[in-house]
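Notes for the one structure printed next.
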Amino acid sequence: MTPPPSFRFAFGHPAHVIALGFGTGLAPLGPGTAGTMLAFPIYMLLDRWLDPLELFGAILLFFAIGVWACGRTGRDLGVVDHGAMNWDEVVSMMLVLLVVPDGLEWWVFAFGVFRFFDVVKPQPIRHIDRTMKSGFGVMFDDVVAAFYTLLLVALVKRLFF
């Protein structure tokens, strides 16, 4: 088990600030969950100012920035996908929020489903996580978890609502 990064490390370089979710990655328990939660206020703020296509563009930009930030931070930590790096969860959950129906019940359900897929890592998420050792790999496996989340939300909506 690798030690958590220090506060000084987290705020010592712009890539670290981003990759560690503006400090949420320093949470002693569940830094991935903390990052997933960070997606909500960022999404709600941007959703007030941007139309859906612009918001999607912002999410793509955040993904690209995350590839750089997670790649740099992983190199600096000596661990490609350190558990404290949670910008991948932030960006992927924002993608989920863009697509799922509005409403607290849908958001809570999507949050739980996303965390499940992110933690359990069914195939091909596990394969991506184990083989793509780069900033892109760190970001991409969570996008696949977001895709699985959206599939399950759509299925539940179709079958029960």
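Read-outs throughout are calculated quantities, based only on the coordinates presented, and are distinct from any laboratory measurement. Just so you know, these numbers come straight off a predicted model, no measurement behind them. Ideal geometry is used to build each Cβ from the backbone, glycine not excepted, and the neighbour counts take in all protein chains shown.
Computed from the alpha carbon positions, the gyration tensor of the chain leads to an equivalent ellipsoid with semi-axes of 25, 17, 14 Å, biggest first. The HN-Hα couplings worked out from phi for the range 80-95 by the Karplus form 6.51 cos²θ - 1.76 cosθ + 1.60 (θ = phi - 60°) are 4, 10, 4, x, 6, 6, 10, 4, 4, 5, 4, 5, 5, 5, 4, 4 Hz, whole numbers, x standing for Gly and Pro. Let me know the shape class of the range 30-109, please: from the alpha-carbon gyration tensor, a ≥ b ≥ c as square roots of the eigenvalues, rounded when a/c is under 1.5, otherwise prolate if a/b is greater than b/c, or oblate. Judged from the Cα gyration tensor, the range 30-109 comes out oblate (a/c at least 1.5, b/c at or above a/b).
In this entry, the range 91-161 is assigned a mean projected area of 4.6 nm², taken as a quarter of its C-alpha convex hull surface.
Model label points for residue 127 and residue 50, set 7 angstrom from Cα along the Cα-to-Cβ axis, are 3.1 nm apart. Per-residue ellipticity at 222 nm from helix content only, as computed over the chain with -39500 (n - 2.57) for each DSSP H run of at least four residues, stands at -24000 deg cm²/dmol.
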